[in-house]
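Written out below as structure tokens is the structure these notes cover.
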Amino acid sequence: MDDVVLLRFTLNDAPVEVAAPAHWTLLEVLRYRLDQIGTKQGCDKGDCGACTVQLDGRAVPSCLVLAATVQGRDVRTVEGLRGPALHPLFDALDGAVAAQCGFCTPGIVMAADALLRKVGRPVTAAEVAEGLAGNLCRCTGYQKIVEAVVAASERSEARRG
Amino acid sequence: MLRLPRFGIVTPTRVEDAVAALATPGARVVAGGTDLLPNLKHRLDAPPVLVSLARLPLGHVTRDGASIVIGAGVTLAALAEHPLIAAEMPSLARAAGLVASPILRNLGTLGGNLCLDTRCRYVNQTEGWREALGRCLKSGGDRCHVVPGGQTCVAALSSDCAPVLVSLDAEVVLHGPAGRRVVPLEALYRADGVAHLTRAPDELLVEVRVPVAPGPRLAAYVKWTVRKSIDFPLISVALRFDLDAEGVDGRIVGASIVAGALASTPRRVRKTEALHGLRLADPATADAVARLAGAQLKPLDNVPYDAVYRRRMIPVHVRRAVAALAAGAS
Ligand SMILES: Cc1cc2nc3c(=O)[nH]c(=O)nc-3n(C[C@H](O)[C@H](O)[C@H](O)COP(=O)(O)OP(=O)(O)OC[C@H]3O[C@@H](n4cnc5c(N)ncnc54)[C@H](O)[C@@H]3O)c2cc1C
Ligand code: SF4
Ligand code: FES
Ligand code: FES
């Protein structure tokens, strides 16, 4: 039995090594050990989706992932969508004014990015509504977020040609 | 900010090692953690050690003769999307796809869904909230806030998959120190919200076995919640009709109606023989099913929302679901 775990996993394409108490969540390790504060801490119990990250490519609430279980796995946070060009989701969310306070945005982006990769073609508004059904937003009323994600998927498709 | 209490953790790679680790008094199993971790954050238990199933090979979905075998570690997302499940047991695929939200279904497992702790509006709260009202039977006190004077906790089994799998006559395989035993899923549950599982503390649920329909069948799952996503079921009814011929013109030769979210066990509606001989294509059948279910299923004030409203809406939702089955939608 371990009270402290030594974790090695991939974070945003880079290997990390970090020690954490066994009862810490992935969210706590990201924010309080690795200073990755893009991932937000909201309800801390699975209700809101603000803490959504991608674990082996799938969107999950990091407040309910025990850090010890990410050993050897692939974790991606909103910081990991940075690239040479602006990510189409950032551009589209910005363009649609789909972030107001912005607290939900990193989680929305991670869930939406996983959805777009899974679907692999332009998505419909209904697919976005279903795909983001675990991510609450108290400001926007969702409409602009859904429009932005649909637009981002169309733009990515156009870019792929 | 809700912190977890301190505990140690083991992440075994073999079922035998996980079972051995469960010998520690008070040890708890954690699969996806989407039920256990919120409950621990609410201080409903303080286990010295968690035995994580994350690295166990329990992610299989296969056909074995006349049964489909589903590993306890299969996520609800995988279950909802699996072609074999969609083809052979659509009501199960539907129930799995309605649990919580997409991000939670990527974590939550079938084993965890079936072993889900019972829920009650008076206990799934922060410690301070519970203390303010006074502890109940399930939180170390001596009273029940739902049934005044009640001596047995009636907290609700709010698993979406449990009623469906009971309606499909599923069995579960439990692996303990002495090996495996197979029990009907229905026998996994008992009528005590404080200790609602008949599984021993050192037994692991490793597999679910579901018999494939031997003949024509139509099945559905009814779930009603206030929001369309995230919420636990407030009305939860699994319907299964075995027919003497394919399609909605077939006559009912066997029916199974099982409800969740009422008390600590899934509840089977009795006297379904009364439905035998009816055809789903006949609009009166939906009324007959709704009446039968409505007369026997009696919600309590254990989960959120008004019990009287839930009671009145059960026949409404059941009637709609049967009508949708008859119309070819599910
Ligand atoms: C916001 C929110 C909404 C939710 N909504 C729903 C909903 O609508 N419907 C619903 O059904 N559930 C809902 N859930 C609960 C939960 O997400 C699911 O039931 C999920 O399937 C639980 O699986 P898990 O693997 O995460 O379980 P865990 O949390 O890992 O475990 C749950 C319980 O089962 C035990 N356990 C787990 N696996 C095994 C095993 N193999 N053998 C023996 N014991 C085991 C654990 O010790 C624990 O007591 C919700 C949860 C949240 C946080
Ligand atoms: S049903 Fe009664 S005893 Fe059980 S959790 Fe609710 S209030 Fe407590
Ligand atoms: S902080 Fe994790 S879901 Fe709300
Ligand atoms: S922008 Fe404020 S919560 Fe979504």
Starting from residues that are modelled with pLDDT of 95 or more and part of a loop (DSSP other than H, G, I, E, B), keep the ones in the stretch B:148-158 and report whichever is nearest to ligand 3 (Cβ to nearest atom). B:Ser158
Restricted to the stretch A:47-70, and to residues that are at positive phi and touching a residue at least 60 places away in the same chain (Cβ under 8 Å), which residue is farthest from ligand 3 (Cβ to nearest atom)? A:Gly57
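With the condition kept exactly as written, say whether any residue in the stretch A:121-131 is in a helix (DSSP H, G or I) and under 14 Å from the mean Cα position of the chain (by Cα).
yes
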Listing of helices (runs of 4 or more DSSP H) fully contained in the stretch B:57-106 that carry 2 or more residues being within 14 Å of chain A (Cβ to nearest Cβ): B:76-81, B:90-98, B:102-105
The condition of being more than 10 Å from chain B (Cβ to nearest Cβ) and either among the aliphatic types (A, V, I, L, M) or crowded, with 16+ Cβ neighbours inside 10 Å (or both) holds, among A:Leu11, A:Leu55, A:Leu64, only for A:Leu11
Residue count, the stretch B:1-29 (criterion: surrounded by 15 or more Cβ atoms within 10 Å (Cβ to Cβ) and at the interface with another protein chain (Cβ under 7 Å from one of its Cβ atoms)): 7
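Table: residues versus (1) buried (at least 20 other Cβ atoms within 10 Å of the Cβ); (2) modelled with pLDDT of 95 or more; (3) β-branched (Val, Ile, Thr).
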position: B:Asp160; (1), (2), (3): yes, yes, no
position: B:Pro163; (1), (2), (3): yes, yes, no
position: B:Val166; (1), (2), (3): yes, yes, yes
position: B:Gly179; (1), (2), (3): no, yes, no
position: B:Thr198; (1), (2), (3): no, yes, yes
position: B:Ala213; (1), (2), (3): no, yes, no
position: B:Val222; (1), (2), (3): yes, yes, yes
position: B:Gly247; (1), (2), (3): no, no, no
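Yes or no, residue by residue, for (1) more than 16 Å from ligand 2 (Cβ to nearest atom); (2) under 10 Å from the mean Cα position of the chain (by Cα); (3) hydrophobic (A, V, I, L, M, F, W, C); (4) not assigned by TED's automatic domain parsing to the domain that holds A:Leu11:
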{"site": "A:Arg33", "(1), (2), (3), (4)": "yes, no, no, no"}
{"site": "A:Cys48", "(1), (2), (3), (4)": "yes, no, yes, no"}
{"site": "A:Cys51", "(1), (2), (3), (4)": "yes, yes, yes, no"}
{"site": "A:Asp56", "(1), (2), (3), (4)": "yes, no, no, no"}
{"site": "A:Pro61", "(1), (2), (3), (4)": "yes, yes, no, no"}
{"site": "A:Arg76", "(1), (2), (3), (4)": "yes, yes, no, no"}
By residue number, the members of the stretch B:213-242 that are part of a loop (DSSP other than H, G, I, E, B) and either within 14 Å of chain A (Cβ to nearest Cβ) or under 19 Å from the mean Cα position of the chain (by Cα) (or both) are B:Thr225, B:Val226, B:Arg227, B:Lys228, B:Ser229, B:Ile230, B:Asp231, B:Phe232, B:Pro233, B:Leu234
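The values are calculated or read from the model by the stated rules, or taken from the named source; none is laboratory data. Being a predicted model, the structure only gives us computed values, none of them experimental. Note that each Cβ is placed from the backbone with ideal geometry, even for glycine, and that neighbours are counted across all protein chains shown.
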